[in-house]
1. Hey, can you tell me all the residues within the stretch 215-239 that are farther than 21 Å from GLU62 by Cβ and either free of Cβ contacts under 8 Å to residues at least 24 places away in the same chain or of a type in the set (Phe, Trp, Tyr) (or both)?
2. Mind checking which pairs have a first residue in the stretch 335-359 that is more than 16 Å from LEU294 (Cβ to Cβ) and a second that is surrounded by fewer than 17 Cβ atoms within 10 Å (Cβ to Cβ), Cβ under 6 Å, 6 or more apart or different chains?
3. Could you please find all residues in the stretch 86-109 being free of Cβ contacts under 8 Å to residues at least 40 places away in the same chain and outside any strand (DSSP E or B)?
4. Just the residues that are of a type outside the set (Asp, Glu) and in a loop (DSSP other than H, G, I, E, B), please, taken from the stretch 256-276.
5. Regarding the stretch 163-183, can at least one residue be identified that is part of a helix (DSSP H, G or I) and closer than 14 Å to ILE49 by Cα?
6. Would you check which residues across the stretch 270-283 are farther than 23 Å from ASN368 by Cα and in contact with a helix residue (DSSP H, G or I) (Cβ under 7 Å, 6 or more places away or on another chain) and list them?
7. Out of the residues in the stretch 55-71 that are closer than 13 Å to VAL310 by Cβ and touching a strand residue (DSSP E or B) at 6+ places or on another chain (Cβ under 7 Å), state the one that is surrounded by the fewest Cβ atoms within 10 Å (Cβ to Cβ).
8. Could you tell me whether any residue of the stretch 197-214 is of a type in the set (D, E, K, R), part of a strand (DSSP E or B) and touching a residue at least 24 places away in the same chain (Cβ under 8 Å)?
Amino acid sequence: MIVDESIARPIAASEAHTIEADVAIVGAGLAGSLARAVLVRAGYRVVLIDKRTVPPDEFRVEKIGGRQLDLIRQLGFINDLEAVGAPYNRVLNIRDGKVVDISVGQAFGLSYASLVGMARGLLSDPTSFLIDQVTGISCSDDRQQLELASGKRVTSRLVILATGMASPLAYSLGIKRRMLAERHSVSFGFTIARPDNAPFEFDALTAYGERTADGVDYLSLFPIADGMRANLFMFRDPTDPIMRELRRDTKRTLLRLMPGLQRYLGDFDVVGQVQSWVMDLSVVEGHLQPGVVLIGDAFQTNCPAAGTGVSRLLVDVERLCTDHVPRWLETEGMGADKIAQFYSDQGKLAADRHSLDMARFRQALTLNNDARWSARRKLHFLRRMITHRVDRIHPGWVTRVRGALR
């Protein structure tokens, strides 16, 4: 697409009291930073606003693989991800100390701060990134106004809110969050190492919970720049005493919950900080308004165990910034009728629905003890184990069968 030069001129100097832009993005996390990169690359005047100079070192996304890599490649940023991520392509999957199967496919481990730092650094033009705080917002069918703590004002045709789960700005517009599942899951993140810093005997490992009463979905071990990272996903009351035990005596509590791990890990230590995250499932209401659109967690939250959060975020960025925004800016106005096109986009709807479906599936597969789910759980792992063993005897058999069924 050829962008009119009249809308591709640089943003006014930062000293100016009012900054004019085609699109203003609030929130320089992964969603906001990627959205900015896509739109600036297309030639639009974009201003990205965040109050933090350095990305927060939060326990969030720490691995990228599968469909997520396809989407990042589609957006054109795969080389940038490869430059900061620790690569791996084989995951040993175990349960009750036994091998379930081996997953093969490219993936990368990295800290959330590194991932956001990569996304923020995709463009060399610093004039499109403001370190400031948005204190007020007013939207209309034509122009949108953002008031900043510094006294500056940003005027744009569209505002993208990529502010994560807590957004006072959205609330000020009357946009509320509807709770779908309070305290749906609990996640722990920590790093492990052997006392002599010797390598583990696997590239990456996933250990599935062994007893439904424990509420453990799975433990994922994968490499990052600083060592072997561990992500533990549970469906359990965050006030349960075992949560405190996992923070205070992580190694012993982990092996008590998953004794089958010991033979694969050998002697190891938990190094550094143990982080935890309690996730609610929620979605916004009252969001269909002129001039403003929400993406990522600002629109809907995800269950970390489901592994769909980044995929859904990337779908939001791809559909909004490569399809809808370019078409919206071709004509006058930014009414709710335009904004509704994004929220009704079939790709977005499918990603949002899949994310919620997977959240409920992971919880039921982990906890549900009725006859149907008990049988389904046994069949789920049995099918994977049989397929793995057949493929070891007849390499490539599974791939050929799947190809024939397509």
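The values are calculated or read from the model by the stated rules, or taken from the named source; none is laboratory data. Since we're looking at a predicted model, the values are computed, not measured. We place every Cβ from the backbone using ideal geometry, glycine too, and count neighbours over all the protein chains shown.
1. THR239
2. GLY335/ASP141
3. none
4. Of everything in the stretch 256-276, those that are of a type outside the set (Asp, Glu) and in a loop (DSSP other than H, G, I, E, B) turn out to be MET258, GLY266, PHE268.
5. Taking every residue of the stretch 163-183 in turn, at least one turns out to be part of a helix (DSSP H, G or I) and closer than 14 Å to ILE49 by Cα.
6. VAL270, VAL274, SER276
7. GLY66
8. no
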